[in-house]
């Protein structure tokens, strides 16, 4: 969160200040100045440098004898991981798809190397549920999707959940041929999917759980 502390503070000040929107054009520059003051501590948590270096290595060909390179690469993550994916996409030629990812628009000038806003607008996508306050830190690029959230209103961080967001997408858009998302019903309160075959929802869940058990057997 140190990477986004300056952006979050700037947003908070803007929200509580009358006519705070007039500071929008200079907020990235102010955040850049604050970040330079705390350069040492910020560098210690700049994990995006590792992910950016990794993506560049993969896209430019990994291994001297592999002969493999990639012209199209997508990276993803949720929450903090989504924020790192967004930063990395802005610094490389990859594309990012994030769920509740922290934004990089306001802090784009403070990263090493700095990020151009048009790259964030063109190469990043973020799914942002309603009442997910963490995902609004850092500012949004142009491509995002607001989503519903059925978590209780008194659950402050209930909407900041990757699995809840996946359930919301499946519920609104359909699951197609993907496995039955049993946890959406059992843990998050979504209605059971409509039966279109001979299996009941309970039977489908039992089969899905067995598949997961076989893929990831418990270790002693």
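Each reported figure results from applying straightforward, stated rules to the coordinates on display, with no laboratory input. Note that the structure is predicted; figures quoted are calculated from it, not measured. Cβ coordinates were reconstructed from backbone atoms using ideal geometry, including for glycine residues, and neighbour counts include every protein chain displayed.
For a test of the definition: using alpha carbon positions, the gyration tensor, and the 1.5 limit on a/c, classify the stretch 87-164 as rounded, prolate or oblate. Prolate is the answer for the stretch 87-164, as a/c is 1.5 or above and a/b outweighs b/c.
For Kirkwood radius over Cα pairs in Å, the value computed from the atomic coordinates appears in the list [x] 19.6; [y] 18.9; [z] 17.7 under label [x]. Per residue, the chain reaches -13000 deg cm²/dmol at 222 nm when only DSSP H runs of four or more residues are counted, each adding -39500 (n - 2.57). Between residue 76 and residue 59, full extension at 0.36 nm per residue minus the direct alpha carbon distance yields a gain of 4.6 nm. Angle of helix 80-91 to the longest C-alpha principal axis of the chain, folded into 0 to 90 degrees and rounded to 10: 50°.
Largest GNM mean-square fluctuation across 78, 151, 96, computed for the chain with C-alpha springs under 10 Å, falls on 151.
For the chain, the longest principal axis of the C-alpha atoms and the axis of helix 48-59 are separated by about 70°. Comparing 33, 16, 169 in a Gaussian network model of the chain (Cα springs below 10 Å), the most mobile by mean-square fluctuation is 16. Between 0 and 90 degrees, the angle of helix 2-16 with respect to the longest Cα principal axis of the chain falls at about 80 degrees. Across the chain, the relative contact order, built from alpha-carbon pairs under 8 Å that are at least six residues apart, equals 14 percent. For the residues 176, 139, 90, a GNM of the chain with alpha-carbon springs under 10 Å puts the largest fluctuation on 176.
Projecting label points 7 angstrom from Cα along Cα→Cβ for residue 157 and residue 202 puts them 3.6 nm apart.
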